[in-house]
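Student: Got a structure for you, written out below as structure tokens; questions coming shortly.
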Amino acid sequence: MEASSTSPWHVHVVAMPYPARGHINPMMNLCKLLVSNNAPIFVTFVLTEEWLGFIGSESDTQPHNIRLRSIPNVVPSELTRKNDQLGFMKALMTKMEAPFEELLNRLEPPPTIILADTFLYWVVLLGNRRNIPVASFWTMSASIFSLFHHYHLLQLNSHYPVNLSEHGDKRVDYIPGISSIRLVDIPLTDGSWYTREILKLCLNGFAWVSKAQYLLFTSIYELEPEAIDALKAELSVPIYTIGPAIPYFSLENNPTLSTTKGTSHSYMEWLDAQPFGSVLYISQGSRFSVSIAQTDEIAFALRESGIRFLWVARDEASRLKEICGNMGLVVSWCDQLRVLSHPSIGAFWSHCGWNSTKEGVFAGVPFLTFPLAIDQPIDSKMIVEDWKIGWRVKEAAEVNTLIKKDEITMLVQKILDLDNELARKVRERSKILQQTCHRAITNGGSAVTDLNAFVRDLMQTNNDAVNTP
Ligand SMILES: O=c1ccn([C@@H]2O[C@H](COP(=O)(O)OP(=O)(O)O[C@H]3O[C@H](CO)[C@@H](O)[C@H](O)[C@H]3O)[C@@H](O)[C@H]2O)c(=O)[nH]1
């Protein structure tokens with residue numbers, strides 16, 4: 001048994017994220033919100049030993065009422081998992097439950113609730129078996145949730161499997177809550193053995209979600225009202241749209257840092273020295289990479305265009321520094337939301353991971369979208385077609401086309417051109433959506449209201465449990 005100084009009146013949330021940056025970050029951000037304002041809540045945040053090493057070094061910013069605990073490294077390493085995504089997912093589904101349950105047995109006081117990534121469907125079974133409520137935590141958009149939830153409709157309409165080279169630009173308008181969408185923007189449709197296996201593992205989570213007690217969307221209602229309404233109408237599990245789950249509160253709590261004074265990051269000092277709205281920020285997130293040939297075309301375009309840029313290139317940073325020219329910086333990692341919120345950022349070249357999408361919306365910057373996989377093409381579709389706050393780098397529906405440097409040069413110059421009419425429009429709309437997003441996360445806003453409702457329901461669950469003889 002672990003010693004604990006918390007009273008039984010505290011709600012004890014055990015958080016079990018999918019072990020990847022794009023999933024851990026939003027779950028940690030929600031946990032920070034849950035324990036803020038002296039709420040009688042504390043969190044045990046469970047990571048693999050490898051991720052404890054990564055996240056533990058960031059723990060100087062961790063609130064005291066979030067404790068980190070680990071399970072052994074039963075899944076392939078973060079450093080090599082891209083070589084075998086299917087093996088990684090299989091391990092997530094089969095290897096984590098036993099050590100997680102063992103840890104659960106040692107926790108004191110017992111958990112009030114388990115917060116679990118929707119993909120880790122086995123947590124729902126475990127919770128049901130042990131009579132612990134489970135909040136299923138969805139880290140992507142509600143729109144892609146709707147798509148996965150209704151995947152069978154593609155088959156019914158003879159759009160699965162599909163040959164995307166022939167039919168990629170055909171549009172589908174029967175997925176509840178999703179306006180007309182190109183087949184090329186729908187994930188995992190090629191029907192090959194490999195994607196079928198991945199799809200099967202992804203869909204497991206959806207089969208079990210209605211056995212959870214709560215479903216949390218890391219979204220803002222106003223961003224995708226149709227998808228959220230459609231799912232609320234269909235699913236029996238209560239749904240809370242708890243907001244973007246990005247670290248905006250760390251900007252608020254450190255106002256001096258948001259203007260970069262006091263930080264030691266040289267890229268922030270460099271941004272301070274750039275003119276307003278002049279810098280293109282480029283990031284492909286934490287996991288996916290573009291091909292070497294495509295990366296080189298981007299690098300040549302940056303050099304030839306003469307624009308200012310800040311490029312997060314992870315392990316390619318030193319190679320790319322050599323070819324990009326000297327109008328910008330290439331770094332291996334940065335404090336992304338702080339960078340996007342800097343006044344000198346004029347546009348965001350993004351792979352459209354859901355966290356990056358929300359961070360760009362929060363910062364009010366227009367996008368150049370370059371989606372790579374899974375939910376990213378749908379996020380790109382929302383950015384370009386629904387919210388109209390960005391342009392696609394690749395307009396055509398063909399897969400695997402190489403976008404050449406001249407095309408990229410033209411696009412990056414245009415979006416940063418303060419006199420260009422189309423760029424002005426897209427900037428204006430980004431600012432309007434930014435305001436909508438900020439309203440949702442202030443008192444009385446849709447996200448705060450739903451988050452408060454979730455916390456209230458958690459307290460009630462705990463009171464009921466404590467008062468049950
Ligand atoms: O230099 C950087 C680059 C990224 N980030 C952060 O890393 C996260 C990246 O998340 P996301 O933009 O969602 O991209 P991925 O890492 O690719 O996320 C995976 O998980 C997401 C949520 O499930 C999915 O939407 C994506 O498709 C999937 O690839 C965000 O919090 C960024 O702020 C940094 O802090 N610094």
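Student: Give me the log10 of I(q) over I(0) for region 255-438 at q = 0.15 Å⁻¹, as the Debye formula computes it from C-alpha points; what are the numbers?
Tutor: Results for region 255-438 at q = 0.15 Å⁻¹ read -0.83.
Student: Would you mind calculating the gained length between A293 and F249 on full extension (0.36 nm times residue separation, minus the Cα-Cα distance), in nm to one decimal?
Tutor: Values: separation 44, 0.36 × 44 = 15.84 nm, distance 3.86 nm.
Here the answer is 12.0 nm.
Student: Convert each backbone phi in region 162-175 into a coupling constant with the Karplus relation 6.51 cos²θ - 1.76 cosθ + 1.60 (shift: θ = phi - 60°), then list the ³J(HN,Hα) values in order as whole Hz, x for Gly and Pro.
Tutor: Rounded to whole hertz, the list is 9, 8, 6, 5, 8, 10, x, 8, 5, 9, 10, 10, 10, 8.
Student: Now for a separate question. Using a 1.4 angstrom probe with every protein chain in place, what is the largest-first accessible-area order of K82, K414, K404?
Tutor: K82, K404, K414
Student: A further question on this structure: Once the other residues with Cβ under 14 Å from the Cβ of I323 are scored (Lys, Arg +1; Asp, Glu -1), what is the net sum? Walk me through the intermediate numbers first.
Tutor: On the way: positive: R303, R319, K321, K405; negative: D296, E297, E304, E316, E322.
Cβ neighbours under 14 Å give a net charge of -1.
Student: Got a sec to turn the phi values of region 108-119 into Karplus ³J(HN,Hα) couplings, 6.51 cos²θ - 1.76 cosθ + 1.60 with θ = phi - 60°, whole Hz, x for Gly and Pro?
Tutor: 9, x, x, x, 7, 7, 10, 9, 9, 4, 4, 5
Student: Among the lysines, which have Cα under 21 Å from the Cα of K90 when same-chain residues fewer than 8 positions away are ignored?
Tutor: K82, K200
Student: What nm distance separates the two modelled labels at M327 and N128, each placed 7 Å from Cα along Cα→Cβ?
Tutor: Here the answer is 5.7 nm between the modelled labels.
Student: What is the angle, in °, between the Cα long axis of helix 446-467 and the longest principal axis of the Cα atoms in the chain? Nearest 10 is fine, range 0 to 90.
Tutor: The helix 446-467 is inclined about 20 degrees to the chain.
Student: Using a 1.4 Å probe, how large is the accessible area of R456, given in Å² and rounded to the nearest 10?
Tutor: Counting only protein heavy atoms, the figure is 150 Å².
Student: Too long at a 23 Å Cα-Cα cut-off: which of K321/K405; K211/K232; K32/K431?
Tutor: Checking Cα-Cα distances, K32/K431 exceed 23 Å.
Student: With every protein chain left in place and a probe of 1.4 Å, what is the accessible surface of Y240, to the nearest 10 Å²?
Tutor: Its accessible surface works out to 20 Å², give or take rounding.
Student: Positive end of the charge dipole of the chain (Lys, Arg +1 and Asp, Glu -1 on Cβ, about the Cα centre): tell me which of G177, Q336, H438 has its Cα farthest that way.
Tutor: Of the candidates, H438 comes out farthest on the positive side.
Student: When the helices in the chain are scored as -39500 (n - 2.57) per DSSP H run of 4 or longer and the sum is shared across all residues, what 222 nm value do you end up with, to the nearest 500 deg cm²/dmol?
Tutor: Rounded to the nearest 500, the figure is -13000 deg cm²/dmol.
Student: Using 0.36 nm per residue, how much length does the chain from R314 to A91 gain when fully extended, once their Cα-Cα distance is taken away?
Tutor: In short, 77.7 nm is gained.
Student: Right, next: When Lys and Arg each count +1 and Asp and Glu each count -1, what net charge do the other residues less than 12 Å away from V209, Cβ to Cβ, add up to?
Tutor: -1
Student: Which value, in Å² and to the nearest 10, is the accessible area of E234 when all protein chains are kept and the probe is 1.4 Å?
Tutor: Its accessible surface works out to 90 Å², give or take rounding.
Student: How large is log10 I(q)/I(0) at q = 0.06 Å⁻¹ when the Debye formula is applied to the Cα atoms of the chain, each weighted equally and without solvent?
Tutor: Values returned for q = 0.06 Å⁻¹ are -0.26.
Student: Oh, and also: State the extension gain, in nm to one decimal, for the chain segment bounded by R439 and T401, taking 0.36 nm per residue of separation less the distance between their alpha-carbons.
Tutor: Difference between extended and current length: 9.7 nm.
Student: Another question about this same structure. At a 1.4 Å probe radius, which order do T449, T409 fall into by accessible area, largest first?
Tutor: Correct descending sequence by accessible area is T449, T409.
The values are calculated or read from the model by the stated rules, or taken from the named source; none is laboratory data. The model shown is predicted, which means the values in this text are computed figures rather than measured ones. Backbone-built Cβ (ideal geometry, glycine too); neighbour counts: all protein chains shown. We work out accessible area using only protein heavy atoms, side chains counted, and drop any ligands, DNA or RNA first. Shrake-Rupley method; radii C 1.70, N 1.55, O 1.52, S 1.80 Å.
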